1. Would you check if Asp194 is surrounded by fewer than 17 Cβ atoms within 10 Å (Cβ to Cβ), more than 18 Å from Tyr317 (Cβ to Cβ) and modelled with pLDDT of 95 or more?
2. Tell me, please, whether a residue that is at positive phi, of a type outside the set (Ser, Thr, Tyr) and in contact with a strand residue (DSSP E or B) (Cβ under 8 Å, 6 or more places away or on another chain) can be found in the range 169-190.
3. Only one residue in Tyr316, Tyr255 is modelled with pLDDT of 95 or more, out of contact with any strand residue (DSSP E or B) (no Cβ under 7 Å at 6 or more places or on another chain), crowded, with 20+ Cβ neighbours inside 10 Å and more than 19 Å from Glu234 (Cβ to Cβ). Which one?
4. Which of the residues spanning the range 324-338 are out of contact with any Ser or Thr (no Cβ under 6 Å at 6 or more places or on another chain), surrounded by fewer than 22 Cβ atoms within 10 Å (Cβ to Cβ) and either of a type in the set (A, V, I, L, M) or at pLDDT 95 or above (or both)?
5. Exactly one condition in (1) of a type in the set (Val, Ile, Thr); (2) closer than 22 Å to Phe79 by Cα; (3) surrounded by fewer than 19 Cβ atoms within 10 Å (Cβ to Cβ) is not met by Val145; state its number.
6. Only residues in the range 59-82 that are among the β-branched types (Val, Ile, Thr) count as the first member; pair them with residues that are surrounded by fewer than 23 Cβ atoms within 10 Å (Cβ to Cβ) and modelled with pLDDT under 95, Cβ under 7 angstrom, at least 6 apart or cross-chain, and list the lot.
7. What's the number of the only condition in (1) of a type outside the set (A, V, I, L, M); (2) closer than 29 Å to Gly189 by Cβ; (3) surrounded by fewer than 22 Cβ atoms within 10 Å (Cβ to Cβ) that Ser231 fails to meet?
8. The conditions are (1) over 16 Å from Arg304 (Cα atoms); (2) loosely packed, with under 15 Cβ neighbours inside 10 Å, and Gln282 fails exactly one of them. Which is it?
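The values are calculated or read from the model by the stated rules, or taken from the named source; none is laboratory data. Remember, it's a predicted structure, so these values are computed and weren't measured experimentally. Quick reminder, even Gly has a Cβ in these numbers, built from the backbone with ideal geometry, and neighbours come from all protein chains shown.
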Amino acid sequence: MLVKIVDSIKALNAEAWNALWISQYPFVRHEFLCALEDSGSTNSGDFSSDDQHAQDSGWHPKHVTVWLDDALIAALPLFEKSHSYGEYVFDWAWADAYSQQGLDYYPKLLNAIPFTPATGSRLGLAKSLDEATRSQVTALIFEFVHKFARDEGYSGFHSLFPDGQGRKYLKQSKHYQRDGYQFHWFNQGYTSFDDFLSHFSSRKRKAIKKERRKVHEQDIDISMRLARDISADEWQTFYMLYHTTYLKRSGKAGYLGQSFFQRLAKAFPEQVLLSCAHHQGQLIAAALYLRDETTLYGRYWGCRTEIDGLHFEACYYQGVEYAIAEGIQRFDPGAQGEHKIQRGFTPIRTCSYHWLRHPGFNHAIADFVKREAVEVSRYIEDARTYLPFKEGTQLIAEDELLLNSNEGCQQDLSHDTE
């Protein structure tokens, strides 16, 4: 078997890459990673991009690939990072600690999907491999990454929001697990949005209905539309909304290049949706979603003017309605946001894995993540008491909240955030 680094997803055959992933989870697909590169949102080895305004994004592909008889049999999406923006697992304090000791934290190696805190597979393996070979190839990849980090002087390796075989290996090897939390909606066989609300306490149910009514009383027409039904001009408008909303909130431009959304829509006409809000025929706000067989993912939002309740309608309630209508099991609306709890989104545990080349700092983060996990568990337990459901409503058990696989994120619940 031959292991080698590839510095652009476009250097790999799309069909061969996509064959390594077992579901429709969109974020590891060749088309998604290619849209990031071609729009200048990430940089390929030669910094090439069709986006005229592309600059160094700080995300440089170093994808690990495994070949057998010239056939691609495994891959690990990997990036060299020169900062920690767009990751949603915050390690700025670690970088500061390195700096205080006169050491360089950057560059580092990151196994993650850029700007996407959505749990899913981070390791692709050919379906033809038997269990023993899968284990062998998995170990080979991560051993290669550690050696690559040492040889090239990277501070360490990090895997964010992993699932499946990759997470199973990382959990059992010399990587420290860091727990986090998000707020997800789970479909418990609801037949309609009103059926969902019928499980709320009376006061909380009335508050949601009032919030939704407030939006529609302002002559706003809002609907979910598939990418195939959205024009190029509308995608350009959405980019403007997204871009200006980032500027208003942070004073910085959004992470994604101008052509990203149109490229994404073309690649995934049935898996990408926009929740579009129109006022007097003008698109005034929109929220981007992606989906796979089981999960709806809420990603980006933009608006012309702030309208009371419109963000919640476009980014949450439209998603819940769509998930119920389509029989989707889970709705992941993205990172952060305690305001999601009172709207029926359950606090759940997420995880990432970390290894630092410096022995002293590696030991220090082991202690840090252990202590942090205790606080995460306490937070999740307390936050679930604020859910809006009626007293006596059967909540989803902790072990049912582990995402997409049977392995689970947490190691020991007794040890048990851009």
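1. Spelling it out, it is not the case that Asp194 is surrounded by fewer than 17 Cβ atoms within 10 Å (Cβ to Cβ), more than 18 Å from Tyr317 (Cβ to Cβ) and modelled with pLDDT of 95 or more.
2. no
3. Residue meeting the stated conditions: Tyr316.
4. Residues satisfying the conditions are Ile324, Ala325, Glu326, Gly327, Ile328, Ala335.
5. Only one criterion is unmet by Val145, namely (3).
6. Val66/Met1
7. Going through the list (1) of a type outside the set (A, V, I, L, M); (2) closer than 29 Å to Gly189 by Cβ; (3) surrounded by fewer than 22 Cβ atoms within 10 Å (Cβ to Cβ), Ser231 breaks only (2).
8. Of (1) over 16 Å from Arg304 (Cα atoms); (2) loosely packed, with under 15 Cβ neighbours inside 10 Å, only one is false for Gln282: (1).
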